[in-house]
Each structure stands twice: as C-alpha cells, then as structure tokens.
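The block underneath contains the structure these notes are about, expressed in structure tokens.
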Amino acid sequence: MKKRCWGVLLAALALLLASPAVKASSNRTVKDMDGQTVRIPRHVRRLADLWHANNQVVLLLGGQKKLVATTPLIKKQSWFTTVDPGIKKVTAPFAGNQIQVEELLKAKPDVVIAADPAQVKTARQAKLPTVNAMYTDFAGLKRSVTLTATILGGQAPQLARQYNQELDSNIKLVNCRLEGIQQRPRVVHFVNSADLTKVDGRHTIVDQWIKIAGGQNAITRRGNQVTVTAEELVKANPDVIIVGSSSNQAARRALKRDPQLRHLTAVKQGQVYGNPQGTFPWDRYSAEEALQVLWAAQKLHPAQMKGIDMVKQTQDFYARYYHYQLSKHQAQQILAGEN
C-alpha cells in the first residue's frame, strides 16, 4: 500500500513539474511607467535599452554587462565611453530614429526598455517584452530607477534604494540651506547653444530643479523645448542663464554673438553657465540629477551653498556608482559641461 501511495505521489509530482503553472514560474511581471503590466523572465540576462538616458541608469545599477543593444548617441557619449569602454561594442539597432527590428531580434534581448511610444509599439509588435521607463519629474525618476533595478535583479534593487535616498538627501540639504531666502533669481534654461529659440518651460523636470535650487523659471509657458522669440527672451530678461549640452565657453560665446540676447542682464553680468554633462547631461532625464540640484543651487545662491565641493561630490558619485576614479581635472571638465 505504501509503495503504491509513493508511486502516486511521484507521478503527481512529475505531472506538476511538467505543468504550465511551473513553467510560468520562470516568468514574472512588472508594471511599467505607463501602468502596463509586462511579463518578463525571472532572470534577465540580456537587456536592450533603446532610451539614451536609461543606459546611464543601467550603468549606475551595475547592469551594463547585460546590455546587448543600446543607442548610437550613447556610443558617442564621451564620458559614458570613458567610464564604460565596453559600450562601444554593443550593437545599436537604429537607422536614424527608426528601430531596425531584424538587428534588434538578432541581439536576442530578454527585455527591451524604451521611452518613445513608437519604439515601444514597434518592439512589442516584434513580440519582445517591452517596458516603458519614461518619466517627467523627480518622483518619476525614482520610480523609473526602481523599475530598471527590478528588471535587472541581483544587487540592483539595493543600489536603487541607495540612489533614491541620496537624491532625496541632496534635495533636503538644498532645502535646508536655502530656507528663508528672500530673492529667487529668474532663470532661463536653453536646450542647447546651437538653437537659442528652444527653452524649457513650466511643469517640467527642468522647472522643478530650478525651483528646488532657489530660482524661478523666467519662462511662463509650459513644456519641454518650447520655441520662443528673441523678443520674449528680452522681456523675460533672466538673472541667470543655463545652457544644456554645452560648455561654459560655448554657451557664453553663443549668447554674446546674438545681437539681441547679448544685452540680457545675465549675459552682461557673466551669469551664463553650460550645464554639466557626465555619462549623460545632468539637466534632464539623468540619474546625475542628484548632483544637478546641488550644482544649480550653488550657482543661484553661492553664499548659502558655501562649502559644498562640487568637484569632490562628482568624484565621490562616480566612485560610488560607476566604480570609476575621476581625476580632479576630469570632474572640473564635467562641471564645465566639457566633453
């Protein structure tokens, strides 16, 4: 009788192990930034990251060895390739902004991360598990970092918690230092120095760090990369100008060349800065936003932020998350927006 019972149990166990329910346990689900539930492998070993900015998050979380597809821009991002030379060998399955589906499939990713809705749609149509990681504010940044860590697994979730705590801590430090300030400088943030008609308006992550840093956005319109006229900029007449994807020198040169913008208060008083650029530009969609809030606050309120050594802050961040020892000169280059 006992032998027969054991035989029944063993047969039941064999049936259970062969059942779809057990096979399904090799998968799990995550909820992406759009609220979509996506089924992904329990252990992700091959990751295609089609969003420039999120490649930096993967690097920060120690998952770069899992990258099997990236973007052409990241392969040209000088500080990224300095910190992670191996990214140059990773395929970039793009022709312009269009995904080359055959090339993406050849990379055999377990999961695809993207941000552009059209790219998300294309990857899903190719039957690839695809997660949208896009965000528009600091709360979203933290959620996106956590999402990426959940996909990567291993030590990544612990690193994500550490990073999110550091971001919160730096924001609290700025809030504490700037408590009770009487004046908030008017700030204009240009997208880059090549097109001085594109600025970042209200209700953006740029607007958010300007406020955290003790400034006010001189642009009253809403949205990223808003097109404005020289007349609107003259009327806004900012106290401080910050230029994305540009060095200090290039930013100042571009504004001084413009016959109208050269008369702005910020230009005349030398309050024009290229935004720092590290493994990704600090000003938007960047994990290095944790440094951006300190840097911007120091530019807008140097007296209150006295004693914050941004060179050391940058060196420590790179050592802690990228395991890369920046020299003092390299950190100064990043802070000056230089490649």
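The values are calculated or read from the model by the stated rules, or taken from the named source; none is laboratory data. Just so it is clear, the model here is predicted, and its values are computed rather than measured. Here the Cβ positions follow ideal geometry from the backbone for every residue, glycine too, while neighbour counts run over all protein chains shown. The accessibility values were calculated without ligands, DNA or RNA, using every heavy atom of the protein model including side chains. Shrake-Rupley method; radii C 1.70, N 1.55, O 1.52, S 1.80 Å.
For residues that are of a type in the set (Asp, Glu) and more than 21 Å from residue 250 (Cβ to Cβ), scanning just region 273-327, find the one that is nearest to the chain's Cα centre (by Cα).
My answer is 289.
Within region 224-237, the only residue that satisfies the criterion of being part of a loop (DSSP other than H, G, I, E, B) and among the hydrophobic types (A, V, I, L, M, F, W, C) is 228.
Taken as a whole, region 166-178 holds no residue that is over 15 Å from the mean Cα position of the chain (by Cα), among the small types (Gly, Ala, Ser), on the phi > 0 side of the Ramachandran plot and open to solvent by 20 Å² or more (accessible area, probe 1.4 Å).
Residue count for region 200-235 satisfying the condition of being hydrophobic (A, V, I, L, M, F, W, C) and more than 18 Å from residue 299 (Cβ to Cβ): 5.
Screening 21, 53 for residues that are touching a Phe, Trp or Tyr at 6+ places or on another chain (Cβ under 6 Å), in a helix (DSSP H, G or I) and either modelled with pLDDT under 95 or among the small types (Gly, Ala, Ser) (or both) leaves exactly one candidate, 53.
Just to be sure before I move on: is residue 283 modelled with pLDDT of 95 or more and under 30 Å from residue 61 (Cβ atoms) in the structure I sent?
Judged against the criteria, residue 283 is a match.
Looking at residue 118, is it touching a helix residue (DSSP H, G or I) at 6+ places or on another chain (Cβ under 8 Å) and surrounded by fewer than 19 Cβ atoms within 10 Å (Cβ to Cβ)? No. Cβ-Cβ contacts under 9 Å between residues 6 or more apart (or on different chains), taken from a first residue in region 229-258 that is open to solvent by less than 10 Å² (accessible area, probe 1.4 Å) to a second residue that is acidic (Asp, Glu), are listed as 242/283; 244/200; 244/283.
Among the residues of region 46-63, those identified as within 23 Å of residue 314 (Cβ to Cβ) and crowded, with 22+ Cβ neighbours inside 10 Å are 53, 54, 55, 56, 57, 58, 59, 60, 61, 63.
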